[in-house]
Amino acid sequence: MSVQIKFLGGVRTVTGSSHLLSTRFSRVLIDCGLFYGHRDESYQSNSSFKYHPGKLNAVLLSHAHIDHCGNIPSLVKRGLRCKIYTTSATKDLCKLMLADSGKIQEEDARYVNKINRRLGQPFRKPLYTSKEGRRSLRKFRPLFYRQRFKITKDITCTFYDAAHILGSGIIVLDIKDDRQGVIRLGYAVDLGRKGLPLLNEPTIIEDMDYLILESTYGGRLHSPIKEARNKLKDAINRTIERRGKVIIPSFALERAQEIIYFLNELIRDKEIPPVPIYVDSPLTTNITEVFRTHYGYLDEETRVTMKSKKEGPFDFVNLNYVRDRNESKALNNDKRPMIIIAGSGMCEAGRVLHHLKNSITESKNTVLVVGYMAENTLGRKIVERQRYVRIYGVEYELNAEVVIINAFSGHADKNELLEYVKSCLPIKKVFIVHGDRAQSQSIFDILSQSGINTYMPEKNEEVVLLSR
Ligand SMILES: [Zn+2]
Ligand SMILES: [Zn+2]
């Protein structure tokens, strides 16, 4: 039997990453992400598999974002027996992310069942519960970066730093084929950028035959990260001068820690006044704890400060982690200028809602948008600066200043993707995945024009891999 890769998900779209590698002796799944679409379509897609989970020999996980790991609990529920290999930081992040994802699945099922009850339709079980999310961790087996590990009779895997988020890996597979040749397959989904705070640079991998590459920003360019820092500084200074509050709706994993890192720097360098900063999200607080534990994964600058000083980037005088709901609500009555970082990132749930409700009607305050806001979310309405927005069913006039900073992205843009592939050459073929159609097409064109053999698989397409 030849060596084959089947592109099951995260193809011509950015969610639901999953790919199946088959050889004579093994079936290995790379990523098992949650697919996001319309509610029923997502439920359908996430609860059925095109293979038997019990027959897999290994699962490899690139990083802890839900679009890569979020459907692992479903795999486990449906009889997965093998180990899930990933880095130790990803394992610890998944413990929090999958429990949180399970909580969202439970809330979602409750919401659907309220409607189903009214319509007299059968009840729906959550895709998985918070407990099932946590339980799937038992299958995880952590590896270090650069640790070569034989996962099956004919496949060895190695994780390298992808510099996308804490613990993220470029996965390299050395696969023996029937003719005793070796095929080297690289998986850079997602791929980070140079110069991101806290992280190293993406590792250059040599001698690859094939590379599976993400293309989230395959046709776009990011502003330099320095620009993000300056915009952050200016927005905070303007707001404090007005004696207002800065509300930052933030994603718990990586983006929140990057913001905290920059705030620490800005205060240390006296570029902003030392106002109180509140991290008002239990998930963010717990994830930040994982950053502290796994500081060995971070860049040298951060590693040195975290090792030598009591006050690191995540612990400084002005920074407060809010645990208690009452403490969170009490911030509404605190009229001092301050910075509040709260989830959820897209303002669909979580404590950020009551902070927004409390502050968006006043022009002295600022909502600082640092991440992607999907269509139909409250976050998107704020980005569009709609005159009125609805929070907890009540309309509020949006008078606060809205500042949007796009440069925080953890994905390589089109130039960075091209530069990365060029520095890994020669490669027999590059497969483009994980991007909207236009973005994938764009990086496909760019790589092809540079003389690189590139292919854009369709969803569920299977491709034969050949040794040299
Ligand atoms: Zn990611
Ligand atoms: Zn992704």
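The values are calculated or read from the model by the stated rules, or taken from the named source; none is laboratory data. Remember, predicted model here, so these are calculated numbers, not experimental data. Reconstructed Cβ throughout: ideal geometry from the backbone, glycine too, with neighbour counts over all protein chains shown.
Checking the structure you have, find out if any residue of segment 160-178 is touching a His at 6+ places or on another chain (Cβ under 8 Å), modelled with pLDDT of 95 or more and on the phi > 0 side of the Ramachandran plot. Give the derivation first.
As a first pass, look at segment 160-178 and keep what is touching a His at 6+ places or on another chain (Cβ under 8 Å): 162, 164-169.
Filter once more, keeping what is modelled with pLDDT of 95 or more: 162, 164-169.
Next, from what is left, pick out any that are on the phi > 0 side of the Ramachandran plot: 167.
The answer is yes, given that some residue of segment 160-178 is touching a His at 6+ places or on another chain (Cβ under 8 Å), modelled with pLDDT of 95 or more and on the phi > 0 side of the Ramachandran plot.
Identify all residues within segment 61-111 that are assigned to a helix (DSSP H, G or I) and within 16 Å of ligand 2 (Cβ to nearest atom); write none if there are none. Spell out the reasoning first.
Taking segment 61-111 and keeping what is assigned to a helix (DSSP H, G or I), we get 66-69, 72-77, 88-111.
Result: 66, 67, 68, 69, 72, 90, 93, 94, 97, 98, 101.
With respect to residue 416, is the statement that it is acidic (Asp, Glu), touching a Lys or Arg at 6+ places or on another chain (Cβ under 9 Å) and farther than 23 Å from residue 65 by Cβ true? Lay out the reasoning, then the answer.
Working: acidic (Asp, Glu): yes; touching a Lys or Arg at 6+ places or on another chain (Cβ under 9 Å): yes; farther than 23 Å from residue 65 by Cβ: no.
Criteria not met by residue 416.
Checking the conditions here, which among 16, 54 is over 14 Å from residue 127 (Cβ atoms) and either more than 16 Å from ligand 2 (Cβ to nearest atom) or not in a helix (DSSP H, G or I) (or both)? Give the steps one after another, and end with the answer.
Working: 16 fails: over 14 Å from residue 127 (Cβ atoms).
Result of the check over 16, 54: 54.
If you scan segment 28-43, which residues turn out to be surrounded by fewer than 17 Cβ atoms within 10 Å (Cβ to Cβ) and away from ligand 2 (no atom under 16 Å from the Cβ)? Spell out the reasoning first.
Within segment 28-43, the subset surrounded by fewer than 17 Cβ atoms within 10 Å (Cβ to Cβ) is 37-41.
Listed by number, the residues that qualify are 38, 39, 40, 41.
Could you pull out the residue among 114, 150, 125 that is in a helix (DSSP H, G or I) and over 29 Å from residue 416 (Cβ atoms)? Even if it seems obvious, please write down each step before you answer.
Numbers: 150 fails: in a helix (DSSP H, G or I); 125 fails: in a helix (DSSP H, G or I).
When all the criteria are applied, what remains is 114.
Residue 173 fails exactly one of the following numbered conditions: (1) more than 30 Å from residue 464 (Cα to Cα); (2) of a type outside the set (Asp, Glu); (3) in contact (Cβ under 8 Å) with a residue 24 or more places away in the chain. What is the number of that condition?
(1)
Name the residues in segment 159-176 that are more than 16 Å from ligand 1 (Cβ to nearest atom) and surrounded by fewer than 20 Cβ atoms within 10 Å (Cβ to Cβ), would you? Write out each step before concluding.
Going through segment 159-176, the residues more than 16 Å from ligand 1 (Cβ to nearest atom) turn out to be 172-176.
Once the filter is applied, which keeps residues that are more than 16 Å from ligand 1 (Cβ to nearest atom) and surrounded by fewer than 20 Cβ atoms within 10 Å (Cβ to Cβ), segment 159-176 yields only 174.
Each row is one residue, and each column tells you yes or no for (1) within 16 Å of ligand 1 (Cβ to nearest atom); (2) out of contact with any Ser or Thr (no Cβ under 6 Å at 6 or more places or on another chain); (3) part of a loop (DSSP other than H, G, I, E, B).
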site	(1), (2), (3)
399	no, no, yes
410	yes, yes, yes
419	no, yes, no
444	no, no, no
467	no, yes, yes
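Going by what's in this entry, would residue 54 be described as touching a Ser or Thr at 6+ places or on another chain (Cβ under 6 Å), at pLDDT 95 or above and farther than 24 Å from residue 281 by Cα? Even if it seems obvious, please write down each step before you answer.
Details: touching a Ser or Thr at 6+ places or on another chain (Cβ under 6 Å): no; at pLDDT 95 or above: yes; farther than 24 Å from residue 281 by Cα: yes.
No: the conditions fail for residue 54.
Among the residues that make up segment 44-62, is at least one of them within 16 Å of ligand 1 (Cβ to nearest atom) and surrounded by fewer than 22 Cβ atoms within 10 Å (Cβ to Cβ)?
Of all residues in segment 44-62, those within 16 Å of ligand 1 (Cβ to nearest atom) come to 60-62.
If we keep only those that are surrounded by fewer than 22 Cβ atoms within 10 Å (Cβ to Cβ) too, we end up with none.
Within segment 44-62, not a single residue is within 16 Å of ligand 1 (Cβ to nearest atom) and surrounded by fewer than 22 Cβ atoms within 10 Å (Cβ to Cβ).
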